[in-house]
Each structure stands twice: as structure tokens, then as C-alpha cells.
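This report concerns only the one structure given below.
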């Protein structure tokens, strides 16, 4: 059994991983359930535009949440790399890269939301467009599926990291195995949805990443309260033990 020694930098990074998992989940829940569901009206661009302009400050907070979430993901991928690098440096780097790609999709989402505010600002240079066209364009930017495009990369990153968690034994193997399964499921669903748009009628989109989120939350609490556990126990060398017994 391979034993991965744990140094102080890994222990500190593990705490950062735990905090970052919870923080990023909290930010997403706040932005989506606290703001977007209140402003976005499915199939009604005009009402969505009116809601955004009536609550412009709230919409700007949503943009800020997206950027903070992106920053949190960068912190998370860095801390994960520090923890998992001794297990397999190449895979840890690949996981960090894929998570970075996902983080960048949220920057794109934030930029799209800024464009929404520009379209609905009522600036003089926009008067050449009818109000309903501006509203439709704004709704298009709000509905740009950056999350759907980025989600496969998050699933890939989480699958790789979960495998390294499993291999290292830093967290319970049952939990790490759940991470591999749930992350692989998320990745598969995300790619399937891109290829087959009607896939969402077969599998509810809420089930794409909810299992993976449960893994991340459970891992976060483990790392915050338990920390990294010893990776394994070396098996005794039976031949050596026999030789010592014969010598005695």
C-alpha cells in the first residue's frame, strides 16, 4: 500500500478546500434562488426586463455574486491542487485546469449580465431599436447557457479529484467513491444535454449536479472538522519478520 505523507501545507489547504466548497455553494444558492428566480420570467422577455430595471441593484448584486463565485473557484482549485499533488501531480493539474475553464464561464455570464444592463439602460444610441427588440435581446443574454457549457468541465474536474481522493485515502473511501460516481454522472448528463437538448425531459436538470453537490458538502464538513487522515498503513514484511524470528 502506498503511503502519502501529509505535510502542514496540505493540512492548511484542506481547510481552505472545505471552506471554499461551502462558500461557493452558498454563493450559487444566493444568486440563483435569492435573485434570479425573483427576476427571470420564463417565456416573458418584457416582464423580465421590467423586473431587472425595477430591481437593478439586486441584479447588480447577482453580477457581483457571479464574480465572487469565480474567485472562490480559483481558490478552491488551487487548494485542491496543493492537497492532491503528492498523489498524482499530472492528474491534479488536469483537474485544476478543467475547473479553471468552468470558472471562466462564470466570467462570461457576468459580462453577459452587464450587457443586459446596457441594453435596458435607455441610452440615446439605443433608441433606433424598438423596446420589444431590446427586451428580447436582453432576455437572450440572460438565458445564455454558459453554465450548461461549463458544467461538463466541472464534472470532469470533480471526477479526477474524486479519484485522487479515493486513491489517497485522505477522506473515507466510501465518500470518495460517491464523489467519483456522482461526478461521473454529472459529466455524462452535461455532455448528453449538449448533444441531445431533449435529454432534460428524460433526466431533470436538477439531478445533473445535485448528487455531486452532496459529495462536496459532505467532504467540506469532513475536511473542516476531521481534516486529512493518514493515507494508509504499511503492511509488515513477512519475510523480514520470519528472518528476525529465526535469528532470535
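Values in this text are rule-based calculations from the coordinates and carry no lab data. Just so it is clear, the structure is predicted and the values come from calculations on it, not from any experiment. Methodologically, a virtual Cβ is constructed for each residue, glycine included, from the backbone with ideal geometry; neighbour enumeration extends over all protein chains shown.
Taking only the Cα atoms of the range 67-175, how large is their convex hull per residue, in Å³?
Convex hull of Cα atoms, per residue: 101 Å³.
Sorting 10-21, 117-128, 28-39 by average packing, meaning the other beta carbons within 10 Å per residue, from highest down gives 10-21, 28-39, 117-128. Per-residue extension of 0.36 nm, minus the Cα-Cα distance of residue 8 and residue 25, leaves a gain of 3.5 nm for this segment. Of the listed values (i) 25, 20, 20; (ii) 47, 17, 14; (iii) 36, 22, 17, identify the label whose number matches semi-axes √(5λ) of the Cα gyration tensor in Å calculated from this model. Entry (ii).
How high is the relative contact order of the chain? Use alpha-carbon pairs under 8 Å, at least six apart in sequence, and give a whole percent. Relative contact order of the chain: 27 percent.
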